[in-house]
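Okay, structure first, notes after.
Read-outs: derived from the displayed coordinates by stated rules, not from any lab. Quantities reported herein were computed from a predicted structural model and do not represent experimental measurements. Virtual Cβ from ideal backbone geometry, glycine too; neighbours counted across all protein chains shown.
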Amino acid sequence: MTDRRAQRGPVAAPGNYVYACLLLLLAEAPNYGYGLAARLGDLGLANVDSGTVYRALRKLNDEGLVESWWEPGAGPARRRYAVTPAGAAYLEECTPTVAASSRSLGSFLARQRRLAGRSAPVAAHG
């Protein structure tokens with residue numbers, strides 16, 4: 001396995017946040033792609049389509065951050081995913097970036113609330 005993390009960039013960057021969320025969910029418990037897609041809503045990603053989830057899982061699997069296997073059931077076999085030790089370590093590495101993003105968003109929202117609470121309208125410059 002080659003280390004592609006540097007190529008991908010920070011996993012918690014907005015475009016990669018789904019990767020961090022999937023790693024978190026899989027660190028909590030192994031799951032299937034469909035189950036993961038449904039649970040993303042718990043993390044504020046309710047509108048992520050299943051194709052995006054499966055592409056992200058494939059990429060995480062290719063990079064050795066998750067493992068997968070076919071699990072037989074009453075119906076057709078389903079692919080089950082679990083976080084690997086490398087994935088758990090990477091989840092820890094990206095946590096400070098998620099925390100920084102949260103602080104930044106909190107600052108933005110606080111300023112917007114103050115602006116919205118002003119009694120005088122903001123003048124347009126032009």
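Using 7 Å Cα-to-Cβ label points, what is the Gln112/Trp70 separation (nm, one decimal)?
Computed distance between label sites Gln112 and Trp70 equals 4.6 nm.
Ranked by Cβ crowding within 10 angstrom, fewest neighbours first, how are Ser104, Ser68 ordered?
Working: Ser104 10, Ser68 16.
Lowest to highest Cβ neighbour count: Ser104, Ser68.
Placing +1 on the Cβ of each Lys and Arg and -1 on the Cβ of each Asp and Glu in the stretch 12-116, which of Ser102, Ala77, Gln112 has its Cα farthest towards the positive end of the resulting dipole?
With unit charges placed on the Cβ atoms, the residue in question is Gln112.
What translational diffusion coefficient, in µm²/s and rounded to a whole number, does the Stokes-Einstein relation yield for the stretch 33-106 at 4 °C and a viscosity of 1.567 mPa s, taking the hydrodynamic radius as the Kirkwood radius over Cα pairs?
Values: Rh = 13.9 Å.
After rounding, the answer is 93 µm²/s.
How far apart, in nm, are the 7 Å Cα→Cβ label points at Ala77 and Tyr32?
1.4
Assuming R0 = 25 Å, what is the FRET efficiency of Leu105 and Thr52, from their Cβ-Cβ distance, to the nearest 0.05? Kindly include the intermediate steps, with their values, before the conclusion.
Values: r = 21 Å, r/R0 = 0.85.
It comes to 0.70.
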